[in-house]
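Inspection log for the structure reproduced underneath, given as C-alpha cells.
What follows draws every value from the coordinates through simple rules; no lab data is involved. This is a predicted model, so every value here is computed, not measured. Virtual Cβ from ideal backbone geometry, glycine too; neighbours counted across all protein chains shown.
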Amino acid sequence: MTTLGTPNTKSQTKLMLLGSGELGKEVAIAAQRLGVEVIAVDRYDNAPAMQVAHRSYTIPMQDGQALRDIIETEKPNHIVPEIEAISTDTLLQLEAEGYSVTPTARAAKLTMDREGIRKFVSKDLGIRTSEFAFADNRDEFTEACLRIGFPCVVKPIMSSSGKGQSTIRDQTGMESAWSIAQDGGRTGAGRVIIEGFVDFDYEITLLTLRHKEGTTFVDPIGHRQDDGDYQESWQPQPMTERTLAEAQRMAKTVTDGLGGYGIFGVELFVKGEEVIFSELSPRPHDTGMVTMISQNLSQFALHTRAILGLPIPNIRQYGPAASHVIMGKGDSNSPSFVNVDSALKEEDTDLRLFGKPEIKGERRLGVCLALGDSIEEARDKAERAAGSVTVVL
C-alpha cells in the first residue's frame, strides 16, 4: 500500500527534479496533483519547472559536491533526473547510500552519453543499431567518417534536442560537421559519435513504462525531426502487428536491461518490417508531449505513477493526435507570444507555453496539440495552430 504525504508538513513525500525544463515542468505538475512536494534543480534561474515547484535551486549540474549538498539537505524520497548532463557518479554513490534514483543511477549514467547506451545495446544486448564509431580528435573523426561512408550523422556524445548534430553528405561537409559537434555538446568540445545513415521508412518513439505490475507500452508515436531536433509528432503511428511486436520486444529487452521504474523514450527506425535501435532516454520524451492530448494519462502522469508505485490499470488513447513545436529565433530575456487566441480557435486544439525565460539563437518555446479524424488532419491542425502564434523578442 502506497502512502503519500502533504507538502510542507512532516508527512511530506519529496520528489527532486534534476533538470527543470518543459518536460520536468509537466512532471512537477503531475506530482503536485498527487500531493507530492516538488523541488526543482537546474543550471539556470527561473527554469520552467522552477516556476511551479515548491522550492528550487540553481547549481552547476555536473558539480558532484553541489549536487550532494542539496540532496543531503532536502533528503528527497525520489530523485528524478530529467536531463543528461548531471554528475551521474554522484548519483551512483547516493543510490548506494540508500537514496532512490529514477529509474536507477546506472540507467542515468549509461544513457547520459550516446557512447554508454550504444555500447550497452549493441554489444551487451546484441540489438541491431546503425554502424557507429567514436572520435576524440579531428584525425580519428576523419578516419571514422571515411570508414563508415557517406551520408553519415555526427553528434556530440552528450547533447539534446539536436544540438551539435549534423548530417554529412560527402567529404566536403566533414570540417563543418566537426565544428558544429564541438560547439553543441552539453559539456563543451570533446568526443563525438559518427553513425551510419539509416535509410528508414519512418521513425518512432515507443514510450515504454516499467512499473510495479510489469511493463506497459504506449501506442507508438511517429515524429519528424530536423537535424535531430523534434518538430512534430503524432499518435498512433500506423504499424503492422509484426513490426510493432518486434519494436516492443526490442524496447522491453533494453529497458529490462536498465531496470527501475518510470517511462523510457525508446527511439527506433523502421524499414519495411525491420526495426533498428536509435536512441533511448530514461525519462519522458519531447515527442511524447502529444500524449498531453492523445490519451487519458500523459507520459508525465504515467512517469509519476510509476515512480510512486501507483497502479496503471489502463491507458486510453483518444484517436489520431498530433503536436507541433513553437520555435523562437533570436535573442531575448523576455519573449512574449502574440495571436495566441488563433492557436486555440479550432475544435480539439490545445497549447502549452513553456515559460522559458530567455532565448539565444533558436529555442523551442511551446507546443500546439490537436485531435483529428485522421493523423493527417491532426497534424495539419497542430501545424496551423503553431504557425498562428508569433514569438516577439
Using square roots of five times the C-alpha gyration tensor eigenvalues, list the equivalent-ellipsoid semi-axes of the chain in whole Å, biggest first. 29, 26, 23
Entries of LYS75/LYS109; LYS14/LYS163; LYS119/LYS155; LYS163/LYS212; LYS14/LYS212 with Cα pairs more than 25 Å apart: LYS14/LYS163; LYS163/LYS212
If I model a spin label at LYS360 and ARG224 as a point 7 Å from the Cα along the Cα→Cβ vector, what separation in nanometres do I get? 3.1 nm
Which aspartates and glutamates have a Cα lying under 12 Å from the Cα of LYS10, excluding residues fewer than 8 positions away in the same chain? GLU37
For the pair ALA96 and ASN314, the simple spin-label estimate (label points 7 Å beyond Cα toward Cβ) gives in nm 4.6 nm
Taking the alpha-carbon centroid of each part, what is the distance from the range 214-275 to the range 61-139 in angstrom? 21 Å
Across GLY260, GLY372, GLY214, the residue with the highest GNM fluctuation in the chain (Cα network, 10 Å cutoff) is GLY214
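Sum -39500 (n - 2.57) across every DSSP H segment of at least 4 residues in the chain, then divide by the residue count to get the 222 nm mean residue ellipticity, nearest 500. Could the numbers behind the result be given before it?
Details: 12 runs with 116 residues, N = 393.
Roughly -8500 deg cm²/dmol at 222 nm, from the helical runs in the chain.
Looking at the range 82-166, which trypsin sites (Lys or Arg not before Pro) are DSSP coil and have at most 13 other C-beta atoms within 10 Å of their C-beta? Walk me through the numbers before you get to the answer.
Numbers: sites: ARG106, LYS109, ARG114, ARG118, LYS119, LYS123, ARG128, ARG138, ARG147, LYS163; in loops: ARG128, LYS163.
Answer in residue order: ARG128.
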Choose one answer from ALA378, ALA177, ALA49: the residue with the largest mean-square fluctuation in a GNM of the chain with alpha-carbon springs under 10 Å. ALA177
Which aspartates and glutamates does LYS356 reach when only Cα atoms under 12 Å apart count, and residues fewer than 8 places away in its own chain are ignored? GLU22, ASP45
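Between beta-carbons, use under 10 Å as the cut-off and find the net charge around TYR230, counting Lys and Arg +1, Asp and Glu -1. Each step should come with its number before you reach the end.
Values: positive: ARG224, ARG364; negative: ASP226, ASP229, GLU232, ASP286.
Net charge in that neighbourhood comes out at -2.
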Simple spin-label estimate for LYS75 and SER176 in nanometres, 7 Å along Cα-Cβ: 5.6 nm
If you build a Gaussian network model of the chain, linking Cα atoms that sit under 10 Å apart, which residue out of GLU246, GLU232, GLU175 swings the most? GLU175
May I ask you to derive the FRET efficiency for MET1 and LEU146 from their Cβ-Cβ distance with R0 = 51 Å, giving the value to the nearest 0.05? 0.25
What is the dipole size for the range 131-196, taken about its Cα centre, with +1 at each Lys and Arg Cβ and -1 at each Asp and Glu Cβ, in debye to the nearest 20? 260 debye
Average projected area of the Cα convex hull of the range 14-101, in nm²? 4.8 nm²
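Dipole of the chain, Cα-centred, from +1 at each Lys and Arg C-beta and -1 at each Asp and Glu C-beta, to the nearest 20 debye?
Values: 42 positive and 56 negative charges, 216 e Å.
Approximately 1040 debye in magnitude.
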For the range 234-363, the Debye formula with one identical point scatterer on each Cα and no solvent gives log10 I(q)/I(0) at q = 0.17, 0.21 Å⁻¹ as -1.11, -1.34
